[in-house]
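Taking it in order: structure first as structure tokens, then the write-up.
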Amino acid sequence: MDALEAMRTRRSIAKLRNAPVPRELIEQALAVAVWAPNHKHTEPWRFFVFSGDSRQKLADAFAENYKLDHPDASAEELAGPGHKTANRVLAAPVTIVVTSDVGRSEMETLENYAATAVATEHILLAAHALGLGAYWRTGEGVYTAPRNAVKELLNVPESAQIVAFLLIGYPDTEAKAGQRIPYIEKTQWFE
């Protein structure tokens with residue numbers, strides 16, 4: 001599959017088979033991620049890979065973030081919405097948490113986040129080219145928890161930005177056809 005085809009045909013696939021993904025495939029995706037363009041060569045990305053039994057620790061951190069965000073939540077809310085993302089982590093064979101380092105200035109922090117988002121897209125494209133399904137998740141707990149249990153688990157500073165939770169596995173469904181507004185409707189040429 002060439003790069004243009006990969007970009008046109010990649011889709012988020014949330015329904016994944018419960019089958020292990022060889023570490024070598026994840027390593028191939030990470031190896032291309034670090035080639036994302038980045039300002040001043042800061043290489044601000046960090047990748048945290050959870051598979052097997054370690055997924056439970058990440059799921060527990062998600063549940064803890066929900067509790068921190070919703071201290072008055074009922075037992076039903078904690079069991080339902082509070083475990084929604086946690087359950088997704090447990091259902092996916094691999095979850096990669098992608099973080100971005102804070103910069104030396106507000107501008108560099110913004111540039112670092114942008115570069116890390118590109119590295120994240122590289123992982124998604126590589127997963128697609130390798131026959132894997134993947135989707136990019138975040139959610140309010142990433143941004144709003146007064147004490148971030150996921151960052152504590154990863155042992156990253158509070159200033160680090162969580163860019164993505166990439167849930168990866170073998171697709172258990174066909175990718176849906178995508179639609180986009182044609183580029184011409186969002187492009188202005190100056191010649």
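The values are calculated or read from the model by the stated rules, or taken from the named source; none is laboratory data. Remember, predicted model here, so these are calculated numbers, not experimental data. Ideal geometry is used to build each Cβ from the backbone, glycine not excepted, and the neighbour counts take in all protein chains shown.
Tabulated data for the structure shown
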{"item": "Boolean, Ala86 is closer than 19 Å to Thr138 by Cα, touching a Phe, Trp or Tyr at 6+ places or on another chain (Cβ under 6 Å), in a helix (DSSP H, G or I) and modelled with pLDDT under 95", "result": "yes"}
{"item": "Answer from Thr95, Thr116, Thr120, Thr138 - the residue that is over 15 Å from Val34 (Cβ atoms) and at pLDDT 95 or above", "result": "Thr95"}
{"item": "Failed item, numbered, when Ala3 is tested on (1) over 27 Å from Ala177 (Cβ atoms); (2) in contact (Cβ under 8 Å) with a residue 60 or more places away in the chain; (3) out of contact with any Phe, Trp or Tyr (no Cβ under 9 Å at 6 or more places or on another chain)", "result": "(1)"}
{"item": "Qualifying residue in the range 74-89 (condition: buried (at least 22 other Cβ atoms within 10 Å of the Cβ), touching a residue at least 60 places away in the same chain (Cβ under 8 Å) and under 17 Å from the mean Cα position of the chain (by Cα))", "result": "yes"}
{"item": "Scan of the range 77-116 for residues that are touching a helix residue (DSSP H, G or I) at 6+ places or on another chain (Cβ under 9 Å) and among the charged types (D, E, K, R), ordered by number", "result": "Glu77, Lys84, Arg88, Asp101, Glu108, Glu111"}
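Table: residues versus (1) under 14 Å from Ile13 (Cβ atoms); (2) buried (at least 22 other Cβ atoms within 10 Å of the Cβ).
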residue: Leu110; (1), (2): no, no
residue: Leu124; (1), (2): yes, yes
residue: Ala127; (1), (2): yes, yes
residue: Leu130; (1), (2): yes, no
residue: Arg137; (1), (2): yes, no
residue: Leu154; (1), (2): no, no
residue: Asp172; (1), (2): yes, no
residue: Thr187; (1), (2): no, no
